[in-house]
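For reference, the structure is listed below as structure tokens.
The values are calculated or read from the model by the stated rules, or taken from the named source; none is laboratory data. Not measured: the values here are computed from a predicted model. Ligands, DNA and RNA are stripped out before the accessible areas are found, and what is left, the full protein with its side chains, is counted by its heavy atoms. Shrake-Rupley method; radii C 1.70, N 1.55, O 1.52, S 1.80 Å.
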Amino acid sequence: MRMKDWVKYYNSPEKDAVLNVLSLEFSKTSLDALVAAPNMEELKQQHSDESNNMDTMVYPKVQKYCLMSVGGCYTDWHDFGGSSVWYPVLRDEKVFFVIPPTP
């Protein structure tokens, strides 16, 4: 599906199917300049716990990708491989259920 088709679907009040976009990589595209990650210095101040010291952490370089959903969508598994994730919500709400792993 092309992006213009997704936008038309997303904005349509009636949908024939329930679709979502789980991983739209947009680094190095024209959208890249329009999206900024949260300020890391502000995050460091909010989470100043020694065990979460970002100065000594080893982590991959940030790449940008987008997840988009409409009402009625769900994803039964998310594994971001230790990446940092932030969720701006355009409208309505996003609900997360965090369940401990089974033994």
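At the residue level, Glu93 shows approximately 150 square angstrom of accessible surface with a 1.4 angstrom probe and all protein chains present. The 3J(HN,Hα) values that the Karplus relation (6.51, -1.76, 1.60; θ = phi - 60°) gives for the range 16-28 are, in residue order, 6, 8, 9, 10, 9, 10, 8, 7, 9, 6, 10, 4, 6 Hz. Gly and Pro appear as x. Computed extension gain for Ala37 through Leu24, at 0.36 nm per residue and net of the alpha carbon distance, reaches 3.1 nm.
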